[in-house]
Amino acid sequence: MLQLPLVVTAQVDLVLVLVSLLALWTRLSRLSYPNAVVFDEVYYGQFVSLYMKRVFFIDDSGPPLGHMILALGAYLGGFDGNFVWNRIGAEYPSSVSVWSLRLLPALCGALCVPLLYLLTLELKFSHLSALGAALLLLLENSLIVQSRFMLLESVLIFFVLLAFFSYLRFHNAPNSWSRYCWLLVSGASCAAAVGVKYMGVFSYLLLLGVASLHTWNLIGDRTLSVCVQCVCRAVCLLVLPVLLYVFWFYVHLTILHRSGPHDQLMSSAFQASLEGGLSRITQGQPLEVSYGSQVTLRSSASQPIPCWLHSHKANYPVRYDNGRGSSHQQQVTCYPFKDVNNWWIIKDPGRQELVVSSPPRPVRHGDVIQVVHGMTSRFLNSHDVAAPMSPHAQEVSGYIDFNVSMPTQNLWRVDISNREADSDSWKTILSEVRLVHVNTSAVLRLSGVSLPEWGFRQLEVVADKLFKAQSSSLDWTVEEHRYGTSQEQKEREAELHSPTHIDVDRKISFWAKFIELQWKMLTVKQEDSEHKYSSSPIEWITMETNIAYWLHSSSNAQIHLIGNPVSWGVANLSLLAYQLLAAIYLLRRRRGFKDLPDGVWTQFVCLGCVCVGGWLVNFVPFFLMEKTLFLYHYLPALCYLYLLSPALLEHAHTHLLRYCLTRLSLCSLVPH
């Protein structure tokens, strides 16, 4: 028989509830003010608009998860992506839900406060210390400002704090399988932190270091299976973050399937996979390059601006400005625009025809070919004549027979660098090909140097014997391709002016796109320019800098990012005090004096690993970065110091002051 009444008991931390409500109020109240673009919203807003329109882009500042979180808020608010993010201070129209655009960063910023409270408790400090840490974070005006706009620092801090809290909750929990849920959350949070900004990598590495130290200490514990413990930690903290990191890019590339402003940074194969861009031209081209094929050859070295092998009816000057002579043959260059003079014909040296036979004969790795310029019928040639701007390399030209002792040397061997087998055929877009000059073994490549006025400022192409075998700068890709059908020059010129035909489709794999996009994000950097509010890392500590985020055009109302001088001063003093105290403890322990019990010493060391270590990994790397830096880059490091300050104060009160008072009281009892 069911006994009445039913009683349900629950423990509620009212302090945690209170600081959570205060955090939500400070971060979410009047979130739509100002109704204008604030500082870096002009930067992130462009990417949000591209997400709404599913247009591909590259942001070299970080992986896509942060942008997707901002785009999610915009999507929930019905944003269509049509707002033009052209200047700071631009008013949002009534059709744009400013509140929803800023909601998720503000929510993450608010949740950081209770997370820091809970993290302090997991470090085994008192509720009073946890309250102190939460209040420091709650009342820090720079964090409030940064959280209330469409920016990513609050999102990064949230995932980093969640990762450490979840890991310490796992570490402190009783030994049961249910605690591994916290380890899974920690691994997922690490992946999210790295997915928001690459700076999250340093906090992730710190957490891995702490986890490795804890795992090492398990060795010798016969109540546990060390092998099982290591495997579980490896799966949750290594395998899961990698899988999730790749998943962020999978979602990113799935959403952004349309051609966009950054297409030219990617390979021809990548561009051809995007809807509405190069795919309109290349979507149905023949796959295999055959003898008689008409092709355009794009250099893999031309980054970030693409260029294509090109020739025109202009010769190299008889003598250059420095007095060196040339072959005076037709110029061959690399041209950064689509042009009919970019078309070349792949010719069989044993046949005179410049059309594709039936059935087509594909060109394979190792074949020797001739390359004929479509509009001028000049053969691609090289010889022992110094290139105009790179005299260590050979000149490349369109051969003209001047009836002098300069025989034609127009044979080139096809070397497919990304082949899977030596019998592979040359494929449109997919194959990366090197053209090796048969007579001299020099490789056709882009030197990267611009020609003078006589070369129309186009890029120099050379044949080089001195090259690194693994260098991708030697590769050329067939981008546009068709089977030639016209033998006569007039008909061929008309054919080259016509658009390519569409009949077949091809796709690039996700893994190929992921690797290429990851490489571009890490290597292609936008030019950093000086900014009036840029600063150095040293200025962050001393608070000698701030940032004007917004200025009202008529009322002169302003929003500035500036630190709280009291809390920043306390944070800096805490950092110095911990280092001094740690040095004293270590020196005394070296001499055999153990001032702290083992449990307290472990707590003190763990506090330093998390807080001082977290500050170091989020601050020191900026000294090594060649990029424009701002005050907000310091905010993740600052949060660790806000955790350190009250915890260190509690340690000093509990173990230092009491120790001193005990010594004094004992001394007073001893008779003189």
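The values are calculated or read from the model by the stated rules, or taken from the named source; none is laboratory data. Just so you know, these numbers come straight off a predicted model, no measurement behind them. Quick reminder, even Gly has a Cβ in these numbers, built from the backbone with ideal geometry, and neighbours come from all protein chains shown.
Here are a few things to note about the model shown:
- Residue 154 being within 24 Å of the chain's Cα centre (by Cα), hydroxyl-bearing (Ser, Thr, Tyr) and in the same structural domain as residue 111 (by TED's automatic domain parsing): yes
- In the set (1) at pLDDT 85 or above; (2) touching a Ser or Thr at 6+ places or on another chain (Cβ under 9 Å), residue 540 fails one condition alone, (2).
- Considering only residues in segment 258-268 that are within 20 Å of the chain's Cα centre (by Cα) and part of a helix (DSSP H, G or I), the one that is surrounded by the fewest Cβ atoms within 10 Å (Cβ to Cβ) turns out to be 264.
One line per residue, one yes/no per condition, for (1) modelled with pLDDT under 90; (2) of a type in the set (A, V, I, L, M); (3) more than 41 Å from the chain's Cα centre (by Cα):
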site	(1), (2), (3)
369	no, yes, no
380	no, yes, no
388	no, no, no
395	no, no, no
410	no, no, yes
415	no, no, no
433	no, yes, no
454	no, no, no
462	no, yes, no
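- In segment 112-146, the residues that are in a loop (DSSP other than H, G, I, E, B) and either of a type in the set (S, T, N, Q) or within 30 Å of the chain's Cα centre (by Cα) (or both): 126, 140
- Of the numbered criteria (1) over 13 Å from residue 541 (Cα atoms); (2) in contact (Cβ under 8 Å) with a residue 24 or more places away in the chain, the one residue 630 fails is (1).
- Residue selected from segment 189-229 under the condition of a type in the set (A, V, I, L, M, F, W, C) and more than 21 Å from residue 609 (Cα to Cα), by the criterion nearest to the chain's Cα centre (by Cα): 196
- Test set (1) surrounded by fewer than 15 Cβ atoms within 10 Å (Cβ to Cβ); (2) β-branched (Val, Ile, Thr); (3) at pLDDT 80 or above - residue 255 fails condition number: (1)
- Taking the listed residues 202, 164, the one that is in contact (Cβ under 8 Å) with a residue 12 or more places away in the chain and surrounded by 24 or more Cβ atoms within 10 Å (Cβ to Cβ) is 164, with no other qualifying.
- The residues listed here are 567, 553, 574; of these, the one that is more than 27 Å from the chain's Cα centre (by Cα) and not in a helix (DSSP H, G or I) is 553.
- Check on residue 357, more than 23 Å from residue 268 (Cα to Cα) and assigned to a loop (DSSP other than H, G, I, E, B): yes
- Some residue of segment 360-374 being assigned by TED's automatic domain parsing to the domain that holds residue 429, basic (Lys, Arg), more than 20 Å from residue 430 (Cβ to Cβ) and part of a loop (DSSP other than H, G, I, E, B): no
- Flag if residue 327 is farther than 19 Å from residue 459 by Cα, of a type in the set (Gly, Ala, Ser) and more than 40 Å from the chain's Cα centre (by Cα): no
- Residue count for segment 70-111 satisfying the condition of being surrounded by 19 or more Cβ atoms within 10 Å (Cβ to Cβ) and assigned to a loop (DSSP other than H, G, I, E, B): 3.
- Scan of segment 380-397 for residues that are under 23 Å from residue 340 (Cα atoms) and surrounded by fewer than 22 Cβ atoms within 10 Å (Cβ to Cβ), ordered by number: none
- Looking only at residues in segment 189-243 that are in contact with a helix residue (DSSP H, G or I) (Cβ under 8 Å, 6 or more places away or on another chain), farther than 30 Å from residue 108 by Cα and not in a helix (DSSP H, G or I), the one that is modelled with the highest pLDDT is 219.
- Selection from segment 340-364 of residues that are surrounded by 13 or more Cβ atoms within 10 Å (Cβ to Cβ), farther than 11 Å from residue 483 by Cα and among the polar types (S, T, N, Q): 341, 342
- Residues that are crowded, with 23+ Cβ neighbours inside 10 Å and among the aromatic types (Phe, Trp, Tyr) within segment 409-467 comprise 412, 426, listed in sequence order.
- Within segment 82-111, considering residues that are farther than 22 Å from residue 21 by Cα and small (Gly, Ala, Ser), the one farthest from the chain's Cα centre (by Cα): 94
- Tally, over segment 269-327, of residues that are charged (D, E, K, R), closer than 24 Å to residue 511 by Cα and modelled with pLDDT of 80 or more: 2
- Number of residues in segment 17-61 that are buried (at least 18 other Cβ atoms within 10 Å of the Cβ), basic (Lys, Arg) and assigned to a loop (DSSP other than H, G, I, E, B): the value is 0.
- Any pair with Cβ under 7 angstrom, 6 or more apart, that starts in segment 21-34 at a residue that is assigned by TED's automatic domain parsing to the domain that holds residue 91 and ends at one that is outside any helix (DSSP H, G or I) and modelled with pLDDT of 90 or more: 27/148; 31/148
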